[in-house]
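Working notes, structure below.
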Amino acid sequence: MGYIDAKLYLSTNQAIAGGTDAISENTLDTELTYPGWEKGQPAAVVVQCEVTGTGTTGFNFIVVNHTAAPTDGTYEIARMKVAIGSVVKGAKFIIPLPAGVDLKRHLALYFDCVNNDETGTFTAFVLPMPN
C-alpha cells in the first residue's frame, strides 16, 4: 500500500453499529481543497477493517459524489459488496474510481448495512490506484 496522506482520510476508526447505515466522517472537497486531483493517476478508495465485523449479510461500500456534502448513497459513482465473513480485522478493500467521471464537489463513502444488523469499524481513504 502506498503512502497515505492524512488529508485524504474519509473515515478513521469509524464504528458502524446496530445495522445503521452511515456516511463517512469526512468528505473530500474536489473543488476548493483539491481541484483537479482526479485528472492525474487513477485513484481508489481503500476501506480497511479495524475490527472484525458481525451481522448476517455484509456491507455495500458506496463511493458517492455530490455538489453538497452527501448524506446517503444516492449519488453513487462506485460500489463494492462485501460479505460479512470477509470483514475481518486488517482486511483491505480497494474500490477503483472510474476514469472519465465528471466529479462534483464532494466525494464521500457511504456504508450500507445490507441486512440492517451489521457492525464494523473502518478506516477509509483515497490514494492512487495500487499496482
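Just so you know, all these numbers are worked out from the coordinates, no wet-lab data involved. Predicted model, so just to flag it, every value in this text is computed and none were measured. Please note: Cβ atoms are built from the backbone with ideal geometry, for glycine as well, and neighbour counts cover all protein chains shown.
Quick look at the numbers
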item: Unit charges on C-beta of K, R, D, E only; dipole of region 42-129, Debye; result: 240
item: Reciprocal of mean inverse Cα separation for the chain (Kirkwood radius, Å); result: 14.6
item: The chain, relative contact order [Cα under 8 Å, separation at least 6], %; result: 45
item: Amide N of region 94-131 lying under 16 Å from the label point, which is placed 7 angstrom from the Cα of A83 along Cα→Cβ; result: 114-115
item: Computed label-point distance, nm, for sites I4 and A69 using a 7 Å Cα→Cβ extension; result: 2.2
item: Among G19, G55, G85, residue whose mean-square fluctuation peaks in a GNM of the chain (springs only between Cα atoms under 10 Å); result: G85
item: Dipole of the chain, positive end: most advanced residue of C113, G53, A6 [Cβ charges, Cα centre]; result: A6
